[in-house]
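Everything below concerns the one structure shown next.
The values are calculated or read from the model by the stated rules, or taken from the named source; none is laboratory data. Remember, it's a predicted structure, so these values are computed and weren't measured experimentally. No Cβ is skipped: glycine too gets one built from the backbone with ideal geometry, and neighbour counts run over all protein chains shown. Just the protein is used for accessible areas: all its heavy atoms, side chains included, with ligands, DNA and RNA removed. Shrake-Rupley method; radii C 1.70, N 1.55, O 1.52, S 1.80 Å.
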Amino acid sequence: MLNLLNLWFPNVMSRLPEFFDSFVQTIIMVAIAGLISFVLAVILGVAVTITKPGGLRPNKVVFNVIDKLINLFRSIPFIILAASLVPVTRFIVGTAIGTKGALFPLVVGITPFFARQIQSALAGIDSRLIEAAQAMGMSLPEIIWRVYLREAIPSIIRVSVITLVSLIDMTAVVGVVGGGGLGDFAIRYGYQRYMMDVTIATIIVLVLLVGLVELIGRLLVEITEH
């Protein structure tokens, strides 16, 4: 097996510690950016849901501001957004390269998409459940927590999986602007030095990672739906 790997992926095997470090950096970026964007997306998704016309607390100003900001950032291609955020990232975290420098553009890039996904998941809640909760005298926080978020758990897991897959894609893209991770490794060796085996190995690892995320997501959905 080791001989085959040395034969098929010679440039990867000769840089195995660096390849492994790049994989770990990708996992760290996905985990931290995913967690931060999840919290922000839930807040924004709930805010848009309850302030929309016909929502529990209609508010045109709040709804339009959040809705338009989400649309604005979603309309910017991520590679352009990441490049334009370099001065801001450097100001906030002190550097725009490496794992640390990649987190801010990743959060800014994925949160609008995630928020729209959360909004879509909450929109699937049966309106009769909301009416029943209001009839029972539940407060707004109780309805948000016990009806919207609790009843939408399977849908939230589904959209979270979709978002995580997109985030993994973004971690590869952010390598173009020195963001570290597998994307950076593939660009430096696979693209700039024409080491095709590096590119292929990176693709295989990313495909396996996406498959693992989707498998875990399906299992969690099955558990929460029963």
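Summary table
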| item | result |
| --- | --- |
| Residue-by-residue Karplus 3J(HN,Hα) for the stretch 91-98, coefficients 6.51, -1.76, 1.60, Hz, glycine and proline x | 5, 7, 10, x, 8, 10, 10, x |
| Average Cα contact separation per residue, the chain, under 8 Å, 6 or more apart, as relative contact order % | 27 percent |
| Positive dipole terminus of the chain, leading residue within M138, V207, N3 (C-beta point charges) | M138 |
| Charge dipole (debye, nearest 20) of the chain; +1 at Cβ of Lys and Arg, -1 at Cβ of Asp and Glu | 580 debye |
| Relative contact order %, the stretch 1-86, counting alpha carbon pairs below 8 Å whose residues are six or more apart | 12 percent |
| Extended-chain gain in nm, criterion 0.36 nm per residue less alpha-carbon gap, I203 and N3 | 69.9 nm |
| Whole-percent carbon and sulfur share, accessible surface of the chain, 1.4 Å | 69 percent |
| Accessible surface, per residue, of the chain when the full set of protein chains is kept, probe 1.4 Å, Å² | 55 Å² |
| Extension gain, L56 back to I27 (0.36 nm per residue minus Cα-Cα distance, nm) | 6.6 nm |
| C-alpha center-to-center spacing [the stretch 28-107, the stretch 203-226] in angstrom | 24 Å |
| 222 nm mean residue ellipticity, helices alone, for the chain (DSSP H n ≥ 4; -39,500 (n - 2.57); rounded to 500) | -24500 deg cm²/dmol |
| Isotropic mean projected area of the C-alpha convex hull, the chain (nm²) | 14.7 nm² |
| Ordering of 45-53, 89-97, 103-111 by burial proxy (mean other Cβ atoms within 10 Å per residue, highest first) | 103-111, 45-53, 89-97 |
| Integer Hz, Karplus 6.51/-1.76/1.60 couplings in order for the stretch 166-176, x for Gly and Pro | 5, 5, 4, 4, 5, 5, 6, 5, 5, x, 4 |
| At most 16 other Cβ within 10 Å, DSSP loop - chymotrypsin sites (Phe, Trp or Tyr not before Pro), the stretch 129-226 | Y194 |
| Listed residue (A152, L129, T49) projecting farthest to the positive dipole end of the stretch 37-162, Cβ model | T49 |
